[in-house]
1. Give the range 282-313 a look and list any residue that's over 22 Å from Y99 (Cα atoms) and either touching a Lys or Arg at 6+ places or on another chain (Cβ under 6 Å) or free of Cβ contacts under 8 Å to residues at least 12 places away in the same chain (or both), or say none.
2. Confirm whether W320 is under 27 Å from I92 (Cα atoms) and modelled with pLDDT of 95 or more.
3. Looking at the range 76-91, can you tell me whether even one residue there is touching a residue at least 40 places away in the same chain (Cβ under 8 Å), among the small types (G, A, S) and surrounded by 17 or more Cβ atoms within 10 Å (Cβ to Cβ)?
4. If you take the residues of the range 207-218 that are assigned to a strand (DSSP E or B) and touching a Ser or Thr at 6+ places or on another chain (Cβ under 7 Å), which of them is farthest from E196 (Cα to Cα)?
5. Mind checking which pairs have a first residue in the range 206-222 that is without any contact (Cβ under 8 Å) to a residue 60 or more places away in the chain and at negative phi and a second that is outside any strand (DSSP E or B) and of a type in the set (S, T, Y), Cβ under 7 Å, 6 or more apart or different chains?
6. Can you tell me which residues in the range 268-284 are in a strand (DSSP E or B) and polar (S, T, N, Q)?
7. If S327 satisfies all but one of (1) exposed (fewer than 14 other Cβ atoms within 10 Å of the Cβ); (2) under 21 Å from L20 (Cα atoms); (3) not acidic (D, E), what's the number of the condition it fails?
8. Against the definition (of a type in the set (D, E) and more than 15 Å from the chain's Cα centre (by Cα)), how does D284 come out, yes or no?
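The values are calculated or read from the model by the stated rules, or taken from the named source; none is laboratory data. This structure is a prediction, so every number in the text was calculated from the model and none was measured. Cβ: placed from backbone, ideal geometry, glycine included. Neighbour counts: every protein chain shown.
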Amino acid sequence: MRTQVGIIGAGPAGLLLSHLLHLRGIESVVLESRSYDYITSRIRAGLMEQNTVDLLNEVGLAKNLNKVALPHDGVQFTFDGVLRRINMQELIGRRVTIYGQQLIVKDMADIRERVGGEILYEAEATQISNLESKPSITFIHSGQEQTLECDFVAGCDGFHGLSRPSVPGNLRKDFDRVYPFGWLGLLISAVPPSEELVYCHSPTGFALFSMRSEEVTRAYLQVRPNESLENWSEDRIWSELRGRLGQHDGLSLVEGEILQKVITPMRSWVSEPMQYGNLYLAGDSAHIVPPTGAKGMNLAIADVCVLSRGLIDFYQNNNWHYLNSYSETCLRRVWRAEHFSWWMTTMLHRFYDANPFDHKRQIAELHTVFDSDAGSRLVAENYAGLPLEPWQP
């Protein structure tokens, strides 16, 4: 097989890149190790920055999103017995939108299929070769080993994928921070406590109340990273959810059937550089942020904007400028998102080895930020999203 850009991974990054290239007449093939049903049903992040939504509208990928997504003008925080709301629309003229990642993946995959885009599902990439000249990707599909020859490889296959290890170890440097807690993620058949997200700091740990729809709550509880799900009975879950949310006017916790529960560890991680030869890493292949800042999917889409611009400029103008500066350009945004996510995580979570001084200092920091217009604006600007790089030259 032969194409111009070989894309490994059919998540938001890989599918969006394929679509943006298609709009400018550039061929691509997407290799995805999982099935269509799997990638369009796995529950993942669901908060989209304003600029992400604007981009999807610009390139014709937001038809379903605009029908059912839940836009939020503000975000709420509880701590020290008080409730604070940041009105992002009022402060900075932007907002965020709730739309499940599996839904945007389905939208993108279905549109790519309708326009003849080539996505090979259950196609596992096993080797990437000749990255410094004319790359090729070896993969297994329908029990047969095949080769995809291409000009460039986009590694959008996540933390455990093949792409990042294809960068020589002596040229790659990883930066890592593992947090001493995880999140117990809950999917609950119940109306959310609020129409907006609620972040909760409490003496017993962090909690977050989000949603997947107006009838389905997505909630998270801070737990120890080695915690067992068996230790979390429904009675204990509801007791902790009530205690960490607290009593506040306008917030009401409705109990319902717990449809799903899973424990996820928390980490910050970046791999540099994000390019080697004709291989370019995007999304979780190159960086992971703790979900407190809601940046994961949005960062992947930001990477793709930079990469598409470079590839379009190369094919249209034989110009390598944007491709050569891909890693440097992306990493400026990545590290700002890493800082914001780290800051939100350390400010809102209870550290198990903290002493009373640490707790008092944390409360003071929360008041300093959320009782201040300047502090609220800082949160709003980063939470609603920094401007995206143009996706075409």
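1. Selection gives S285, I312.
2. Considered against the rule, which asks whether it is under 27 Å from I92 (Cα atoms) and modelled with pLDDT of 95 or more, W320 comes out as no.
3. No: zero hits.
4. If we take residues in the range 207-218 being assigned to a strand (DSSP E or B) and touching a Ser or Thr at 6+ places or on another chain (Cβ under 7 Å), then R218 is farthest from E196 (Cα to Cα).
5. Final answer for the pair search is F209/S194.
6. Within the range 268-284, S268, S271, Q275 qualify.
7. Going through the list (1) exposed (fewer than 14 other Cβ atoms within 10 Å of the Cβ); (2) under 21 Å from L20 (Cα atoms); (3) not acidic (D, E), S327 breaks only (1).
8. no
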